[in-house]
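Derivation of every value follows stated rules applied to the coordinates shown; laboratory data play no part. It should be emphasised that the depicted structure is a prediction, and the values quoted were computed from it without experimental measurement. Cβ coordinates were reconstructed from backbone atoms using ideal geometry, including for glycine residues, and neighbour counts include every protein chain displayed.
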Amino acid sequence: MSAPDSARWADIAFEDRMSTVEFRVGERAHISVDSEVCRSCTTRACVTACPADLFAPTADGGILFNYEQCFECGTCYQVCDAEGAITWTYPDGGHGVVFRQG
Ligand code: SF4
Ligand code: SF4
């Protein structure tokens, strides 16, 4: 399977998208989210922008975040305009996402 271009990206089923990658999960969370900051957020941009669907709104107005299946794309950090909400780093060496061919 060749790499999809951006116009076709949305047509790919989430399961198919995830089946092309593997995750070497590190013990340290390379991204953390301060749910207290998120409570005053009106956009919730991270929820729709994250291609791995890792941000989940909680009933109390916060955000539940799981770093383990992160693509390391940086989109969440780009779309979030609330200072201090997201702390973003790359995973430690040898950990993180591995993109596979075909
Ligand atoms: S991470 Fe940023 S965009 Fe997402 S809910 Fe929190 S403040 Fe809003
Ligand atoms: S870096 Fe990309 S995949 Fe990882 S949490 Fe942010 S938006 Fe989602």
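Let's see if you can work this out: charge +1 on each Lys and Arg Cβ, -1 on each Asp and Glu Cβ, no other charges. What is the dipole magnitude of the chain about its Cα centre, in debye to the nearest 20?
140 debye
State the answer as a single residue: which of VAL97, SER19, ALA85 lies farthest towards the positive end of the charge dipole of the chain, with beta carbon charges of +1 for Lys and Arg and -1 for Asp and Glu, about the Cα centre.
Positive-end residue among those listed: SER19.
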